[in-house]
1. Return the sequence-ordered ³J(HN,Hα) values of region 187-203 in whole Hz as given by the Karplus equation 6.51 cos²θ - 1.76 cosθ + 1.60 applied to θ = phi - 60°, using x for Gly and Pro.
2. Of ALA181, MET147, LEU260, which is farthest on the positive side of the dipole of the chain, counting Cα position, with +1 on Lys and Arg Cβ, -1 on Asp and Glu Cβ, and the Cα centre as origin?
3. Of GLY76, PHE42, SER102, which is farthest towards the positive pole of region 1-129's charge dipole, taken about the Cα centre with +1 and -1 on the beta-carbons of Lys, Arg and Asp, Glu respectively?
4. So if I take the alpha carbon set of region 2-162, get Rg, then get Rh from the Kirkwood formula, what is the Rg over Rh ratio?
5. In percent, how large is the relative contact order of region 2-162, given Cα pairs closer than 8 Å and 6 or more residues apart?
6. May I ask you to order 180-191, 211-222 by the average number of other C-beta atoms within 10 Å around their residues, highest value first?
7. Using a cut-off of under 18 Å, list every residue of region 121-139 whose amide N is near the label point 7 Å from the Cα of ASP19 along the Cα-to-beta-carbon line.
8. Please report MET147, MET240 as a ranked list, fewest other C-beta atoms within 10 angstrom at the top and most at the bottom.
Amino acid sequence: MPEQEAAEQHGVPEREIGDFLHRRREQIAQRWADETFFRSVFTVSREEAVDAGRTLVDALAQVAASGRVTDPEAAGFSQVREQLVRMCAARSRAGLTPSEVSRDVAALRPPVVDLLVAELRDAPEQRLRERSNLLTVLMGTLRVVVMEAALSENQALIDRQRMQLMEMATPVIKLWDGIVAVPLIGTLDSARSQVVMETLLESVVEQQAHFAILDITGVPTVDSLVAQHLMKTVAAARLMGAECVVSGIRPAIAQTIVHLGLDLGSVVTRASLADALAYALRKLGADIVPPSSHGAGER
């Protein structure tokens, strides 16, 4: 009999917490709407904050009823995870760190616990303590879910910023009608090499370029993967009807290319960007007159 009674009682506190959250849904949502975690995100209308609070309370009630109050992967949390990610993204854009977001989420617990304590003020002390502890655990799990969302959003933001920096660090310059160039400076890795290829090919199409110059004067060294990316860029530009000229190959890079056994026989190379531009202009039929010759003609 004692075992049967224990089995019947198993999960009762969780269900009571779920019922409590359903009953107090509107009051909790109204109180949360004035907390920083909601108020700073939903700035247009307070009702938006209240509605978001209702959705979150429903999710917590579902988690409690399922008995998985310590599981961040509980089904109830999955329904609000996208909303939490959006809220964390807004907080990240406002410059808040994950620890500050965690502090704001922790501030959601006292209003809920206060309502529970008021509702159970006549209940036995043990029951009140047990339900309060269970609610605290549930809110702690919510905090974990929000932190995971915040960290995920921060990583996504870092990745986006990294990509934007790489794009800004690989500008495509129109040097002449039909001639574009990418002056590369700094370390090249596989990710940046891929960005170089994409931006250069897009520029070839936009500018209807016949020549694309890859100037690597400012690149200290390359590895085998980067060298292969450069070769692929040359081949891709050729397929799009543009001749690719590589300029500014430093001695260390030249040695790497030779050591790797890469065949640059089909690739036009020039010592400097100026030499590469002069080559492209001659191919386009433009006359290049040295400054000294131009001055002599004027005299």
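1. 6, 9, 10, 4, 5, 5, 4, 5, 5, 4, 4, 5, 5, 5, 5, 4, 5
2. Selected residue: ALA181.
3. Farthest along the dipole direction, towards plus: PHE42.
4. 1.02
5. Relative contact order for region 2-162 comes out at 28 percent.
6. 211-222, 180-191
7. 121-135
8. The most exposed by this proxy come first: MET240, MET147.
Each value in this text was obtained by applying a stated rule to the coordinates, not by laboratory testing. What you are looking at is a predicted structure, and each value in this text was computed from that prediction instead of being measured. Ideal geometry is used to build each Cβ from the backbone, glycine not excepted, and the neighbour counts take in all protein chains shown.
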